[in-house]
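Have a look at the structure below before the remarks.
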Protein chains: 2
Amino acid sequence: MTVAQNATHLVRARPGGTMEIDERVAELDREPVGHRFKGMPWDAAGLTVGELTAQRRDLFGGGFGTPVLVLSEEALDHNLELLERFTADHGLSFAPHGKTSMAPQLFARQLAHGAWGITVAVPHQIRVCREFGVRRIFLANELVDAAALRWIGEQLDGDPSFELTTYVDSVRGVELMDAALRAAGVRRPLDVVVELGGGEGARTGVRTEKEGTAVAEAVAAAGTLRLVGVAGYEGEVPAASPETVRAWLRRLVALASGLDAAGLLADAEEIVVSAGGSAWFDAVAEELADLPEFSRPVRKLLRSGAYVTHDEDHYSKVTPFNRIPDEGALEPAFRLWTQVVSRPEPEQAFLNAGKRDAPYDLGLPQVAVIRSARTGELRAPAHGVRVARLSDQHTWLTLPHDEPLEVGDWVGLAVSHPCTTFDKWQLIPATRGTEVTAYIRTFF
Amino acid sequence: MTVAQNATHLVRARPGGTMEIDERVAELDREPVGHRFKGMPWDAAGLTVGELTAQRRDLFGGGFGTPVLVLSEEALDHNLELLERFTADHGLSFAPHGKTSMAPQLFARQLAHGAWGITVAVPHQIRVCREFGVRRIFLANELVDAAALRWIGEQLDGDPSFELTTYVDSVRGVELMDAALRAAGVRRPLDVVVELGGGEGARTGVRTEKEGTAVAEAVAAAGTLRLVGVAGYEGEVPAASPETVRAWLRRLVALASGLDAAGLLADAEEIVVSAGGSAWFDAVAEELADLPEFSRPVRKLLRSGAYVTHDEDHYSKVTPFNRIPDEGALEPAFRLWTQVVSRPEPEQAFLNAGKRDAPYDLGLPQVAVIRSARTGELRAPAHGVRVARLSDQHTWLTLPHDEPLEVGDWVGLAVSHPCTTFDKWQLIPATRGTEVTAYIRTFF
């Protein structure tokens, strides 16, 4: 049994298995639809989410408002299965980055697809995970807030099944954590991993092995913390390429080896080596395939998040499956449906979605499909239709004068960057075909 | 009595006055604090918003999480009073743009400060306003969605005190509205104003007076609509300057005159002439000061939204009060408090707020103040501390190597653009001094 298989087994064999998150997520059905969620059908105000779900409304005929962000269940299923298979095939444990969606329903599906745990970026996201019964959480960041650490200590002491691992990258940070956990009287040590930065000028993380060792020694001296491994984010390696990313991954493994050889991982039951966003998991899989000998079992932990929805621009360009097409391909799951509200000049049109609705940080949305208000037919846009800019509440389109787009038509936009798409929507219809079969709730 | 005074009188003299919105807003106190709202105190999970408010916590000692966006009550009060005085002094009615904050508590304060109504940008925002009892709503956009129009028709027919005005800028749009309202069997006509675009290549709105007249004639032919005036947004005038904005405002007034002379405003009880974001309200006040004679009373309607919080970058540069300092000055109300989680190199530091927390479309945030984790003292940053970029969940700082900023310190950021600040926060502490006296709920 590989470590990855073992991890899956562990999650599923626990008392309750993934039952608890499923039950908590089911409670979301009791939320009222209404003014709190944009895009919902205008006549659904008196319904709960569960009642609306049961109606299986049609996306186009069901009275949904625009703009409305929509997820494809088929694409979600495909992507969940693909990364489950990819990680199993490569002996990787998987803690998909939950900050992408912050959607407990998707966390539940990810766990049901074999994920070892859920990764998050900031303490508030731990709280959301805990609220929905996620038992194993990996905080891919430093955590030095005393009030948050007190709360986390209470959670650790109060629930033996709760597992949390966080980053450390400075002696000062370790001292603050230790002081806060001591002041709170926390009994169970908090697991930490030393973060290795991507290189000079990169994001967080120690810059050198020497600094990493100093941080590890500070952890050893802090009674409230337990060092369990190393982690980092290869997406921030300066001038990232297959060569530079692999070189960095080898440094990460060497740091773990060095800490192990120095006895600084002696308290760990298993040693965590974690890397992997959504652009380089092929390199992560290859570089972690054959590790040097360690004193205890190694958990190779991948943390990709954007894969779950993928996209049609940034991530479609950088996905590792472009390099390893034999292992599969992700499918984009988002469509942002908008309506044309104005065509004031032959070469200009305006949609009713703006910066509040669509991501714009890694490329603007693009017109994928047009639905005629007159006929209900779907068609491709004419060549030359493009999004020129976004205002707060408008999309500016430029288009050929003879493109027949009309006021009232619906326009389906392709988006770039799942993280800044999800965070603009609190309740997202998910469809099979055009039938809305679920409503995905996010917590940002 | 001026029209503006009269408008204020009308709102306040209605049965219930602004009582209804106050009562609805008070119900927000019953919402539970907890996982749904980031930045809230870690130990407040079992409390309602009302209970937490009553505790009058200290912003720094009250256990708030970071990042946390904070509003200054003093600045809000000042700005509300300043625009109330400005609009009254200039005989303007005021429907502040609610899309800026989407905070019913702020809408209530704006109405209590004499606002005639609330402006919104998209139909969903009408629903939020209605939920909280806003009676007079100005939709500064076209509305051609049949499902939304059916709902609006039900609201109009069901509540004689509900007043809604929307834009029209195309014959096609008028036809779609009329068809939808007819199909819904709506009895009370929906008030519309012809939108005049800012110029060639500008945003929505008719480009010529001839087109405006054609749209007005289409409205006259539609039994379900009533033309009540003209509107537009001078902020989108190409190469906006005092001269080009004033020239456009004169076009707007002339369009209204022309429609009046043609008898196309004959059904209106009063004629609405509306303009004004937060950059040119001085020009709006001056150009609307002396109007030609109209067949019926004219309501000069200003719609500024960003004024309520102002900012420390974009709007601080473009505010009209820079040109008319004798009439006052707005105060910035936002401070985004973050924590240093890493200082991996002497000239680099990382804060725990990112694109999910801070606006980045009209300039990056800037470091305004530092609070030492060791002493609790506030100090200015050293010269040369600046925000270099934002990741999804991190702020990248560059700083002089001898700036003593440490991991654990809190950093207060100044932000640019209220609209893309509010929409990243659902519950925002508001302070007097450092005491949190209210929690402002937003609905995006």
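Filtered by the rule that a residue be facing chain A (nearest Cβ under 10 Å) and farther than 18 Å from B:PHE422 by Cα, region B:32-43 gives B:GLY34, B:HIS35, B:PRO41, B:TRP42, B:ASP43. Is at least one residue of region B:429-438 at the interface with another protein chain (Cβ under 10 Å from one of its Cβ atoms) and open to solvent by 10 Å² or more (accessible area, probe 1.4 Å)? Checked against the condition, which is being at the interface with another protein chain (Cβ under 10 Å from one of its Cβ atoms) and open to solvent by 10 Å² or more (accessible area, probe 1.4 Å), region B:429-438 yields no hits at all.
With in contact with a helix residue (DSSP H, G or I) (Cβ under 9 Å, 6 or more places away or on another chain), within 20 Å of B:GLN393 (Cα to Cα) and without any contact (Cβ under 8 Å) to a residue 40 or more places away in the chain as the only criterion, which of A:LEU176, A:LEU196, A:LEU164 stands out? One residue alone meets the criteria, A:LEU164. Among the residues of region A:200-212, at least one is surrounded by fewer than 24 Cβ atoms within 10 Å (Cβ to Cβ), within 12 Å of chain B (Cβ to nearest Cβ) and of a type in the set (Ser, Thr, Tyr). For region A:221-255, the tally of residues that are in contact with a Lys or Arg (Cβ under 9 Å, 6 or more places away or on another chain) and surrounded by fewer than 17 Cβ atoms within 10 Å (Cβ to Cβ) stands at 2. Considering the conditions (1) open to solvent by 50 Å² or more (accessible area, probe 1.4 Å); (2) within 14 Å of chain A (Cβ to nearest Cβ); (3) closer than 30 Å to A:GLU154 by Cβ, B:ASP29 is excluded by exactly one of them, (2).
Scanning region A:218-237 for residues that are at pLDDT 95 or above and part of a loop (DSSP other than H, G, I, E, B) yields A:ALA222, A:THR224, A:GLY232, A:TYR233, A:VAL237. The criterion of being assigned to a strand (DSSP E or B), more than 19 Å from the chain's Cα centre (by Cα) and more than 30 Å from B:THR421 (Cβ to Cβ) does not hold for B:LEU291. Consider region A:331-370 and keep the residues that are surrounded by fewer than 24 Cβ atoms within 10 Å (Cβ to Cβ) and β-branched (Val, Ile, Thr). The one that is nearest to the other protein chains (Cβ to nearest Cβ) is A:ILE370.
The C-beta contact set for region B:59-79 (first residue within 13 Å of chain A (Cβ to nearest Cβ), second residue of a type outside the set (Asp, Glu) and part of a helix (DSSP H, G or I), distance under 7 angstrom, 6+ apart or interchain) comprises B:GLY63/A:ALA147; B:GLY63/B:TRP42; B:GLY65/A:PRO123; B:GLY65/A:HIS124; B:GLY65/A:ALA147; B:GLY65/A:ALA148; B:GLY65/B:TRP42; B:LEU69/B:THR421. Taken over region B:187-199, residues that are more than 8 Å from chain A (Cβ to nearest Cβ), under 21 Å from the mean Cα position of the chain (by Cα) and part of a loop (DSSP other than H, G, I, E, B) amount to 1. Considering the conditions (1) of a type in the set (Ser, Thr, Tyr); (2) away from chain B (no Cβ under 14 Å); (3) under 20 Å from A:PHE60 (Cβ atoms); (4) surrounded by 18 or more Cβ atoms within 10 Å (Cβ to Cβ), A:THR395 is excluded by exactly one of them, (2). Got at least one residue in region B:404-411 being open to solvent by 30 Å² or more (accessible area, probe 1.4 Å) and closer than 24 Å to A:VAL144 by Cβ? Scanning region B:404-411 turns up at least one residue that is open to solvent by 30 Å² or more (accessible area, probe 1.4 Å) and closer than 24 Å to A:VAL144 by Cβ. Checking each residue in region B:375-390 for being under 30 Å from A:LYS355 (Cα atoms) and open to solvent by 10 Å² or more (accessible area, probe 1.4 Å) picks out B:VAL385, B:ARG386, B:ALA388, B:ARG389, B:LEU390. Can you find a residue in region B:256-277 that is farther than 30 Å from B:SER416 by Cβ, buried (at least 24 other Cβ atoms within 10 Å of the Cβ), touching a residue at least 60 places away in the same chain (Cβ under 8 Å) and in contact with a Gly (Cβ under 9 Å, 6 or more places away or on another chain)? Yes, region B:256-277 has at least one match.
The values are calculated or read from the model by the stated rules, or taken from the named source; none is laboratory data. The structure displayed is predicted, hence computed values, not measured ones. Note: ideal-geometry Cβ built from the backbone for every residue, glycine included; neighbour counts use all protein chains shown. Each accessible area value is taken on the protein alone, full model and side chains, heavy atoms only, with ligands, DNA and RNA left out. Shrake-Rupley method; radii C 1.70, N 1.55, O 1.52, S 1.80 Å.
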